Amino acid sequence: MAAAEQTSSRKRRVVLTVPASSGGHVPIDRRVPARDSPAPAAVPVKEETRTEPKVEAKPEVRDVQRELCPDELKPKRLRMSGQFEAEAMRDLDFEGNVKREPSLDAAAMPWSSALSATVGGCALQGSHVSVSSSSMADLQKLRLHADHASRPVWVCPDGRIVFEAFHRQAALVADFLIAISEPISRPELIQEYQVTMLSLNAAVSTGLDVEELIKLLGSLSKNILDPGFLNAVREQGRSVGKTKMVLRNNRHYLEAADEDLLQRLCDDPDVAASLAGSQAQTIGTEGTQSIEISSLRVETVKAAAHRLGLPLLQEYEYGQDRTDRNPQLSAVLRPCATLRPYQQRALSTMFAVDGVAKSGIVVLPCGAGKTLLGIAACVRVKRRCLVLTSTAVAVDQWRRQFLMWTTIPPEDVYVLTSEQKVPIDDPEGRACILISTYSMLGFGGKRSGDAELVLTQIQQLEWGMLVVDEVQVMPARTFRSVATTVKSHCSLGLTATLVREDNLIYDLHWLIGPKLYEASWQQLQEDGFIARVRCVEVWCEMSPVFFAEYLRAEDREAVLRRALWTCNPNKLKVCEYLIRFHEQRGDKTIVFSDNIFMLEEFAKRLGRYYICGKVDMRERMQILSSFQESPSCNTIFLSKVGDNAIDIPNASVIIQISSHFGSRRQEAQRLGRILRPKPRTQGNGSTSRFNAFFYSLVSRDTQEMYYSNRRQQFLVEQGYNYHVLRDHSVERMASGDLAYAGENAELQLLKLVLESVKRGEGAEEDDVALHDTGNSRRAPAAQDREERVDIASLSGGLDGSYTVATSVVKTK
């Protein structure tokens, strides 16, 4: 396989040739075309002379590096088709019959990201495999198996795995890779994974032997596995799963099968300061060593063990628990509760050993049934369970789901919110389910008498299982103590977006446990378990009067600038056009806005319901009920209170007019509101390839373009691509009868926006609006740095994450 590279002042070009099915070679042009210019044809060029020393490849060694596409040039989004952008919304092809770019022969595409790695020894760390600085070697040193063409993965010396997802046994291979590694990027054809200490910990804890893992990985790998990588895996496998955190008689103990491992833990200063006992004791017949630690220092001990590379397993042998402190829960799943195959696989990972529940995290897309999975786990353990979620609306949904899917008596399901504080009857002798929010348990101020009584009961009881919904919220400073103050035998974290804009997401691996299972969004979409979503980014020109005010605003006036690009009249006109379009189709539409002033103003102007933090719970439930059941209520406006943990199964359209900076989590969570499986036939009787639509409205030539690009990265890594509408496609949505059409309407709106900024209105600051930083009253720390960007980065010209085809609509 040959490669050629040419660099110019305007663009970098890489031309690869891959073997075609006919036996010849087909050139592939991977360069990013300039804006509004057609993609040039690929012309092979000679390889330029490199300045660095070139390593001569041995005749019998295949040149692997030349077959791999560099990381910075790997396309993250598909170039949108000209037809899609060319038509206005009335001509938009909702049947999915959009012309696609010519696809390459899947069997002839063994390319991936180029990596430089260490061939001699590497050590597994918490988030990656660390590579020593010595013995650096090129990937062309990798030796291939004779039958490499029929094998689906590349295994790099640093633990990076590149998977050809078009392999005939792709589903089985993907399940294995998820079990032993962390998914990095999973688009349609080429996917990337990373072997880490945490992923090995999860694999070994489910019963997978290290040698069997190596044998199976070697049988799938195109190249011969690096000896340094194998040594690192075996070394880590010797200590993984050997240390545990156990709860007995409401006390916490460290346990280890090896006395030396326990001594290594106790020698750490943080662990030594947490010991409640003076010496270890031998328990059981297998010589297991155990020592008590202070229950107030559980988080510190877990963090120290993680730092030492000895992650603590937290398992609950509920089958052997016969104590009176944990009475059995009288509930089973109803016959109508049918678990889907991926839910069964997730549960089988958690309960790999019969009668033993493992702590960990399960990642499923929004709408894929995380609630039912958590309920099934609680019923399986049959002990007292505590469920934590993010909002009071979600608390009510969990309660209704427990009563719907299980035979548990209603009086055994307790709720703790700001409006409901019922103490547990006979807490010591009665098994029950208690559902509450992070805010209620993490609040540090003065409480009411009833709330204080319930909280005391929670802290004094032993809980068989702690179910943490929207677990990505847990590492926030306000809530992280909840995981360790609640004395539970095992913990189950549920989320669709295991991502935060800070680095605290990695703390979940010791606060809750390793990742037990993660489903592929695209695979579930192909199987029909979640909706098929078309993602569209609409570029709206700034109104002249708004743009003039935007340019006059100084850098320190970030709030004003954000309000101006959010309330851009052209954006609001597009939003109103889309609302009308989808209401005529019979679709249920949700409009998201983080700007509360614009949310209320726009909703009242259009005569639609809206929900934000100051709307009380009863009114919220009435609005949601009307939206789901009434044919006259087809559109509602939501603030960030609706980002997560809210069930709106019949919603099929999302229109986003403002968001929380560059939050990838929020983008994915909002998409999740429309991922519930839906029929292909729409409300108007038409059949479409796509049955859900996600629109992100962005003001052009503003900083919002930069934030929009950042927000989309998580979904792009899950295999989604954004189609871009701009120019004539957007201009044709304008109409004189829209709410903000006309110069006078724009000037009046500008006056209202400026007044709202002066009054300090706009940003939402409720406790239910959980930001990525864990502090809803403060903008993200990266905001000041992100304010200073140039035009190239705003337009996406630096990273080449997507290109926009030239519109072919002719003006009349």
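The values are calculated or read from the model by the stated rules, or taken from the named source; none is laboratory data. Please read all numbers here as calculations on a predicted model, not as lab measurements. Note: ideal-geometry Cβ built from the backbone for every residue, glycine included; neighbour counts use all protein chains shown. Note: areas computed on protein heavy atoms with side chains; ligands, DNA, RNA excluded. Shrake-Rupley method; radii C 1.70, N 1.55, O 1.52, S 1.80 Å.
Details
- Fraction of accessible area attributable to carbon and sulfur, region 405-522 (%, probe 1.4 Å): 50 percent
- Val533 long-range amide H proximity, modeled H, under 5 Å: none
- Share of carbon and sulfur in the accessible heavy-atom surface of region 173-330 [1.4 Å probe, %]: 46 percent
- Distant-in-sequence amide contacts of Val467, defined by a placed amide H-H separation under 5 Å and a gap of 5 or more residues or a different chain, comprise Leu386, Val387, Leu388, Leu492.
- Note on Ala146 and Asp701: the extension gain reaches 194.5 nm, defined as 0.36 nm multiplied by sequence separation minus the Cα-Cα distance.
- Whole-Hz ³J(HN,Hα) from phi, Karplus 6.51 cos²θ - 1.76 cosθ + 1.60, for region 733-739, glycine and proline x: 7, 6, 8, x, 9, 7, 4
- Surface per residue (accessible, 1.4 Å probe) for region 343-399, Å²: 21 Å²
- With every protein chain in place, region 703-763: carbon and sulfur % of accessible area (1.4 Å): 48 percent
- Here the extension length gained between Glu554 and Leu333 equals 73.6 nm, from 0.36 nm per residue of separation less the Cα-Cα distance.
- Alpha-carbon centroid distance for the pair region 383-401 / region 188-222, whole angstrom: 34 Å
- Each residue, Arg430 and Ala352, gets one label point 7 Å from its Cα in the Cβ direction; the gap between the two is 3.8 nm.
- Per residue, the solvent-accessible area of region 587-651 (1.4 Å probe, heavy atoms of protein chains only, all protein chains present) comes to 37 Å².
- 3J(HN,Hα) from dihedral phi, region 711-717, Karplus parametrisation 6.51/-1.76/1.60, rounded to Hz, x for glycine, proline: 4, 7, 5, 5, 5, 4, 5
- Packing rank of 261-273, 571-583, where each peptide gets the mean count of other beta carbons within 10 Å, highest leading: 571-583, 261-273
- On a per residue basis, region 171-319 carries 43 Å² of accessible surface, using protein heavy atoms and a 1.4 Å probe.
- Distant-in-sequence amide H partners of Gln194 (H built 1.01 Å from N, under 5 Å): Ile161, Glu182, Ile184
- For a label point 7 Å along the Cα-to-beta-carbon line of Ser632, residues of region 592-608 with backbone N under 11 Å: none
- Couplings 3J(HN,Hα) for region 403-420, derived from phi with the Karplus relation 6.51 cos²θ - 1.76 cosθ + 1.60 (θ = phi - 60°), are 6, 6, 9, 10, 9, 5, x, x, 6, 8, 10, 9, 10, 10, 9, 5, 9, 10 Hz, where x marks Gly and Pro.
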